[in-house]
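Here is the structure we will look at.
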Amino acid sequence: MKTRKDQVGRLLLNAFIIALGLGMLYPILWLIGASFKPSNMIFTDPGIWPKFFTNENYLNGWKGIGIVGFDTFFKNSFVICLLSAFANAIF
Amino acid sequence: MFVGTDRLPKDERFLNSMVVTFKFVFISVPLKLIFALAVAMLMNKKLKLIPLYRTLYYIPTLLGGSVAIAVLWRRLFAGDGLINMILTNVFGAQNLPAWISNPKYALYTLILLAVWQFGSPMIIFLAGLQQIPREYYEASSVDGAGKIRQFFAISLPSLSPIIFFNFVMQMISAFQSFTQAFIVSGGSGGPLDSTMFYSLYLYIKGFGFSEMGYAAAMAWVLLIIIAGLTAISFRASGSLVSYGSGE
């Protein structure tokens, strides 16, 4: 049987875990938020939620550098990832 | 003949890189293990959302070694960075230093970055905690042992082989850490060589100054240091680690 004291303890434990987790994930959440900010506002707008949304970071990023785009980068990473995972699992 | 190895002890930047690396290893590894064990004990509780929590707490480890996080870290701890902004606006702190560009604190930001990636020792600790038979705890609570007593008398001794394993693995990888220092210091090991890790100096010597022989000598010395420290840990572990079957 669950007592009232148990429930309060459980609630406090959950709250503690969530608070600690949010504190730890803060930089990553901020990074996700920053990816939608216009590049001149990334450091002037310190909050997580962007004041202006833009997707140009993703569009420009996908173009990569010069003639080599992110599709090539991903393809290379996938080849390495798949081959090394298979080889590691077998040997 | 032994040009590289003869020059090593006379090179002050080399000796400094050794001091910085040892400081990094022996501060970051214990902190990381303590934090990993604490979180593993939290994650060992019986709550409905535990699978979700375990996933969330592992995220920093998945991303932490990447260049993106190192760049982010550099911005976070800059003089006008996010950390100082929060400390000023929320806690009203004044005259805060620029953590990354102050030789006194730069190394500690890197230690924090290392501790933040506590996920893999945490997973191993968690597996270890779940292998401890419940009867031990039940029997000891019948005998009147409190939670703290149980931790020191049951959990810690049962986990000692796992703590030892984690310590050796984390020590080895901490000695080789390179990416964080390279990115955060902009490849210079600065300010004032305060984040000049061993492998960063090796890289700078080998590829910056094109002294490949010197760098190769350094690589050998690092291998010997790591092997030596691992051997010492194994010796010292004899009296600290119990591999008993629990009888």
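Descriptive notes on the structure:
- Pairing residues of segment B:40-57 that are at the interface with chain A (Cβ under 9 Å from one of its Cβ atoms) with residues that are surrounded by 11 or more Cβ atoms within 10 Å (Cβ to Cβ) and of a type in the set (D, E, K, R), at Cβ distances under 7 Å and at least 6 apart in sequence or on separate chains, gives B:Met43/B:Arg54; B:Leu47/A:Arg10.
- Here B:Ser141 passes the criteria (1) more than 18 Å from the chain's Cα centre (by Cα); (2) crowded, with 17+ Cβ neighbours inside 10 Å except the one numbered (2).
- Residue match in segment B:227-236 (condition: part of a helix (DSSP H, G or I), under 15 Å from B:Thr21 (Cα atoms) and of a type outside the set (Val, Ile, Thr)): yes
Condition check ((1) closer than 26 Å to B:Arg54 by Cα; (2) in contact (Cβ under 8 Å) with a residue 12 or more places away in the chain; (3) within 13 Å of another protein chain (Cβ to nearest Cβ)) across all residues:
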| position | (1), (2), (3) |
| --- | --- |
| A:Leu11 | yes, no, yes |
| A:Asn14 | yes, no, yes |
| A:Asn40 | no, no, no |
| A:Glu56 | no, yes, no |
| A:Thr72 | no, no, no |
| A:Leu83 | no, no, no |
| A:Ala89 | yes, no, no |
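- Summed over segment B:149-168, the residues that are surrounded by fewer than 15 Cβ atoms within 10 Å (Cβ to Cβ), at pLDDT 85 or above and of a type in the set (A, V, I, L, M) give a count of 1.
- Residue check for B:Leu62: modelled with pLDDT under 90 and in contact with a Pro (Cβ under 7 Å, 6 or more places away or on another chain): no
- Unmet criterion (only one of (1) within 11 Å of another protein chain (Cβ to nearest Cβ); (2) modelled with pLDDT of 80 or more) for A:Thr44: (2)
- Tally of residues being surrounded by 18 or more Cβ atoms within 10 Å (Cβ to Cβ) and within 11 Å of chain A (Cβ to nearest Cβ) across segment B:20-39: 1
The values are calculated or read from the model by the stated rules, or taken from the named source; none is laboratory data. Values in this document were obtained by computation on a predicted structure and should not be read as measured data. Methodologically, a virtual Cβ is constructed for each residue, glycine included, from the backbone with ideal geometry; neighbour enumeration extends over all protein chains shown.
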